[in-house]
Structures are given as structure tokens and as C-alpha cells.
Amino acid sequence: MTAKKFLSALTGVAMCVTMTVSAGAVGVSTQNIGTQGTGVTLGDINGDAVINGKDVLLIKKNLIKLYDLKDERFTAADVDCDGRITVSDLVLVQQYIAKIITEFPAK
């Protein structure tokens, strides 16, 4: 399987998770999420104090090079704090929204 096909398949799965979550709950409050000492709330990419599908969309756009996350937005999207925004960050934010996890590994 090529990397492009894999990313496409994973994005399809991710979209299903996002749509399911969006139908049930609008978003998750960020009050209990760590800031990694930066003042930036992990997972809240658009800075609206809610982690939801809008944040997931920004990560997806960044992954396919339609949107460039910089500075605080990059820090918020890099929820595993490995210095990169990857599919792993996307999946972790989706898992947080779906309440599969309660904090990000970087916390």
C-alpha cells in the first residue's frame, strides 16, 4: 500500500469518527487539558477554548498542505510533542473528542 493510499484510507476513517462525534456532541471543553508550559492548550488548534471537529479539520488541512499551522497553532496541534504534526496527532485529537482518551500523551 502506498503512503498516499494509506493516508487517504486513514483520512476516511478519521472523517467517520469526526462525523460520529459531531452528531453526538459539539466539542469538549479544554479546561482540563495541559499546556505543556507554553500557555497554549493542546488540541485547541483554532484557539476557541473547545476541542472539536474544527480543530480536526485544521490538522487534516495541514497534513495535506492546504493550511500551514504556525507558532501557537502548531504547538496546539502537536499533541504528542514530537516536533511534527502527523496523523498520530490527528488520531489523538479525535480520540480525545470521542472520549476514548482523557489527556494527551505529552501532558
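Every number here is computed from the coordinates shown, using simple stated rules; none is lab data. Quick caveat: nothing in here was measured; it's all calculated off a predicted structure. Using ideal geometry, Cβ is built from the backbone for each residue, glycine included, and neighbour counts are taken over all protein chains shown.
For K70, which aspartates and glutamates qualify as cross-link partners when the Cα separation must be under 12 Å and same-chain residues fewer than eight apart are set aside?
D78
Using a simple spin-label model with points 7 Å from Cα along the Cα→Cβ vector, what separation in nm is obtained for A98 and T86?
2.0
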